[in-house]
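Below: the structure, in structure tokens.
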Amino acid sequence: MLEVKNIRAAYGPVTALHDISLSVPEGQIVTVLGANGAGKSTTLRVISGLLRPSAGTVLFEGRPIHGKPADWIVRQRICHVPEGRQIFATLTVEANLSLGAYTRRDKPGIKADLQRVFDYFPRLAERRNQVAGTLSGGEQQMLAIGRALMARPRLLLLDEPSLGLAPLVVRDIFKIIRTINEEDRVTILLIEQDAKLALSVASYGYVLETGRVVVNEPAADLARNETVRKSYLGY
Amino acid sequence: METFFDQLAIGASTGALYALLALALVFIFRATDIVNFAQGEMAMFNTYIGWSISRPLSFSWIPFLSIERHINILNWHPEVFGIPLFLGSESDGSTRLGYLLIVIGTVAIAFVMGGLIERLIIRPSEGKNLLNAVIVTLGIFAIVNSIANWRYGPVPQNYPAPFKGNAVDFGLFKLGQHSLFALIVGVAMMFAIYVFFQRTKLGLAVRAAALNPQASELMGINTGQMLTLGWSLAAAIGCLAGMLVAPSVAGISPNLMLGVLLYAFAAAVLGGLDSALGAVVGGLAVGIGQTMVVQYIGSEWSDIVAFGLIIGILMVKPTGIFGSPVVKKV
Amino acid sequence: MKMTGNYRQGIERFIPSPAEAVVLATLLFFTWYLYGGTGNDVFAGLSTFIVVAIAWVLGVAIRVALNDMRWWLLVIALLLVMAPWLALNTFQIAVMTEVLVFSLLLHGLNVVTGLTGQMSLGHGALVGLSAYAVAILVDHWDWPLLPAMAAAVALTFAFGFALGIPALRLAGPYLAIATVAAALVFPLVLKLDSVQDYTGGVQGLRLHKQPQPPGFIGGFLENESIAKIPEQKKFAPEEVQVKERQKFAQATYLYFLCFGVAAIGTFAAWNLQRSRFGRAFIAVRDAEVAATSMGVNTALYKVTAFGISALYAGIAGALLYMVVAFVAPESFDLFNLSINPIAYLVIGGLAAPGGAMVGAFGYKWGPEVIKKIARTDTDFDKLQGALTGLMLIVVMTRMPQGVWGSLTRLNSFSWKALINETKAWVLSRTIAYWLAIALGVAVVIAIGAWFAPVWGVFAAGLLVVAPQDAWAGVFLWLRSLPAIGRRRAPAPGDAR
């Protein structure tokens, strides 16, 4: 579904990605692992159009999408839940969610999706008129994921959904991520610090180091691979 | 006591105009963090455009577009809500655009101009030092002011107003027809703005783009377009304010909006630069305060009180009354 | 100031970089207008061309020898010392004197705005406070000028400190508006009935006795002034000529008085920026919270910055009154002394003493030159503001670091990188894009042939919207002229 081929990207003079290639087959969860600064988030930023790659191609269903503006890419129903959640802090939960459906015109569909998001995250339904900045970290993460779901994505890019959350909340969120994948047939590209957790839901894994792919294997193999675990994943 | 209520009403009417311009300032500030010092001058120039299209039409040099002749031949008198679109003058046989058409045309031009200014001048200076952007708006100020001086001259010109009749007596107070009109239009505009930002998807998107541009892009919002839209709207609102101010002072001149802009700044700061509600409340407060000071203390004190008030308010509440506190991050 | 970075090598050292070329061209343009334009003295104009040419050759030689750009400072200092002799008449000397005075104001603004990052648009009020303090002390209480000036500066300094305390609480735009309000209130207060006895109301106050050059200096200066007597007065009666000489001597004396103060002020500003204080100011600007947590007393530094800034503004105000010998509320309107100085400071370049100097020069001379051009065309006169505004916008969008900022980076500039970038940019556009551009240019030429002002609009539009790389295209073309430069191997660490 998504093919990333040999992309390079830089922030000003600093090259963050040297040569990244990865592919995400339809209907699966693929995870990208690596240490801080390995280029995981940058890869997602390139895919979602926030950063223009200096070389390489990104193909979505065979069509090139690299270098296109971010709002165009969202309209191809690729949704990015960014690092640090980036919710609209002074807007209400409901306004945040309706912004997620900005690209859509079908009112009944939006209404149904809103209901489904509330089914996934009942906490959000309770706080629908509350200002988003007052939510707890876990609720904000739920809101960020829910907001992305409102666009009815075909490919969901998740950037560290567990960052800064309590273990119980993380478990809930990962349960929902799996549900989204299995029931809604949403393909997911997941970035995680917690490699063990990520590999437990993913079917395939990539390990990045300093802007390059160093290992790519099915998730089960990766979890068993002693050397990779010791040298890159650290558990 | 009667004068008091009269002054109150006049103050509210002036205040509504200040509030409109202050709202324009607030839009731009919220969308781009820029304090737009050129807001008043943009409004002044657009008001001049309204003035030039309000003069007798003469399209005789365009052979096929002789509107004048067509109107006269067909004896065509289109009306919208009872307001004629074209006005004929028996004395010299000339035809003018009716007030409604002037307003629509001018606001449309202002809308386009605001967007163009954002695209061509503000966009290249964005993302650098905040001070740079402010200096750029000062540059726009200087350019627009001097072009208006060059093109239209410093002499005030008469400006069309739809209602020029006697004051309307409300019992408690009397209010001139134009002031009443300005008050009504001002309040209606504020309501329209409220509806746009609170009740429409596009308004929500503009707000989101101002709050967090990157996240907005991930929602599929074209943030660049939203910024342009913000500037366009601000220019249109400012232009409307200018068209209401011009008839109530001596007429239109290149310095028309200078004083108004300063009071609008006072209003915006009073309410908090990032608060639309604050702009409205601040505008009314400054307008009423100004007329009261002129009435009961002396006209030379009105500016001093207004600007003293800005400083005083900021000393007590550094981000205005309704402004959200500035959060400093490492 | 030794420039670190990459130096150009070989023959390229003798080619002015774009920024240098801009400065040289500006210098030439100014001298041409001031000398050639007056028609008074063609040779004076010619000799200035020669002066500039020699300065360039000397400068390049010195730069080659020192491998840095200290030569610019040398040239500037030399030109400043020679200014009264280079000037054509006493009026030009007076303008140069004001340049020096305003450079002090801009140094002060720089401390608050450039180093500490607080936007103050109200320094006109501080200048006015100082000027009026001197004027009232001299006029009302018959103080001698010098003690009055000292007292006024001290007063402004104290006031600036006091002003800094409320300013602590205000963030960015709010401070800007509060200071604008202060600048607006100041002239209004002067006109109030209750204070008119002191301030003279709208009429303002006049200084009746400017400082006179002491005997031998006066004599020397009067001798020097012979060449400066205007053409039409060359054959005037003796007493008229004597008067002209005295005027010159007086103006030159004031010039050098201000020169001394400005030199000290500039040196102090330079040192301040490099001192512990300067670094603390910058820390407050760039990362206030981090600075606080590292033990920088941000409040103290902000207040100090305001104090220092007010000190400079006070000195500038006192000198201004001495030089102009007149104050009136109109002098302190919002644009004249509050907004224009900061605009020109940003044009000159923030956070660098050189930027303040360049800004002061532009502030006084820009309008003069525009007025001079305006004399040939009456309508042009009304577009003065438009030209100033256009300049502001162009500098802010194309040179956000200001003139000085781009100057100091000129030695690390590499033609090669520029060419490569230009090539990449040209190739990144489609043929249709270039066809559209060509079509647009053709249309402009066609209309321009019929209606000349279109050219002006086109040029202005190009300045505003043309991407930086389009300018590079012009340089690229210049570079392709034969035999200017040869290919060379890239030096290690060459900017790319």
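The values are calculated or read from the model by the stated rules, or taken from the named source; none is laboratory data. Keep in mind that this is a model prediction, so the values were computed, not measured. Ideal geometry is used to build each Cβ from the backbone, glycine not excepted, and the neighbour counts take in all protein chains shown. Only protein heavy atoms, including side chains, enter the accessible area calculation; ligands, DNA and RNA are left aside. Shrake-Rupley method; radii C 1.70, N 1.55, O 1.52, S 1.80 Å.
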Expressed in nanometres to one decimal, the distance between label points 7 Å along Cα→Cβ at C:ARG276 and B:ALA167 is 6.8
For the range C:168-186, which residues drop by 30 square angstrom or more in accessible area between the chain on its own and all protein chains together (1.4 Å probe)? C:ARG169, C:LEU170, C:ALA171, C:PRO173, C:TYR174, C:ILE177, C:ALA178, C:ALA181, C:LEU184, C:VAL185
Give the average, rounded to an integer, of partner chain Cβ atoms located within 10 angstrom of each Cβ in C:108-121. 1
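May I ask for the net charge around A:PRO82, where only other residues with Cβ less than 9 Å from the Cβ of A:PRO82 are counted and Lys, Arg are +1 while Asp, Glu are -1?
That works out to 0.
Could you check what % of the DSSP bridge pairs in chain A are antiparallel, to the nearest 5?
Restricted to chain A, the bridges split so that about 50 percent are antiparallel.
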Averaged over residues of B:209-216, the number of beta carbons from other chains lying within 10 Å of each residue's Cβ is 5
From the P(r) of the range C:88-374, can you give the percent of Cα pairs sitting at distances over 22 Å? 59
Shielding of C:155-162 by partner chains, average beta-carbon count, 10 Å: 0
Would you mind classifying the range C:71-184 by shape? Square roots of the alpha carbon gyration tensor eigenvalues, ordered a ≥ b ≥ c; an a/c under 1.5 is rounded, otherwise it is prolate if a/b is larger than b/c and oblate if not. oblate
Subset of A:LYS111/A:LYS196; A:LYS111/A:LYS175; A:LYS40/A:LYS68; A:LYS5/B:LYS201; A:LYS40/C:LYS302; B:LYS164/B:LYS201 violating a 30 Å alpha-carbon distance limit: A:LYS111/A:LYS196; A:LYS5/B:LYS201; A:LYS40/C:LYS302; B:LYS164/B:LYS201
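Under a 1.4 angstrom probe, counting protein chains only, how are B:LYS201, C:LYS247, A:LYS175 ranked by accessible area, largest first? If you can, show how the numbers build up before the last one.
Numbers: B:LYS201 80, C:LYS247 105, A:LYS175 130 Å².
Ranking B:LYS201, C:LYS247, A:LYS175 by accessible area, largest first, yields A:LYS175, C:LYS247, B:LYS201.
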With N residues in the range A:175-235, what two-decimal value do you get for its Cα radius of gyration over 2.2 N^0.38 Å? 1.16
Whole-Å distance, taken between Cα centres, linking the range A:92-121 and the range B:115-174: 41
Charge tally in the Cβ shell below 15 Å around B:VAL294, where Lys, Arg are +1 and Asp, Glu are -1, B:VAL294 excluded: -3
Accessible surface buried once C binds B (1.4 Å probe; total of both sides; Å²): 4000
So if I place +1 on the C-beta of Lys and Arg and -1 on the C-beta of Asp and Glu, and nothing else carries charge, what would the dipole magnitude of the range C:88-374 be about its Cα centre? I want it in debye, nearest 20. 580
Would you mind checking the tilt of helix A:107-120 against the longest principal axis of the Cα atoms of chain A, expressed as 0 to 90 degrees and rounded to 10? 70
Where does chain A land at 222 nm, in deg cm²/dmol rounded to the nearest 500, when only DSSP H runs of n ≥ 4 count, each adding -39500 (n - 2.57), divided by all residues? -10000 deg cm²/dmol
Using the Cβ atoms and a cut-off under 13 Å, what net charge is assigned to the surroundings of A:LYS40, where Lys and Arg are +1 and Asp and Glu are -1? -4
Using a 1.4 Å probe, what is the accessible area per residue for the range A:24-122, in Å²? 41
Separation in nanometres of the label points that stand 7 Å from Cα toward Cβ, at C:ASN420 and C:ALA158: 6.1
Förster radius 51 Å - calculated FRET efficiency between B:LEU202 and A:THR227 (Cβ-Cβ, nearest 0.05): 0.40
Please check the range C:317-342 for residues whose accessible area, probe 1.4 Å, is lower by 30 Å² or more when all protein chains are in place than in their chain alone. C:PHE335, C:ILE339
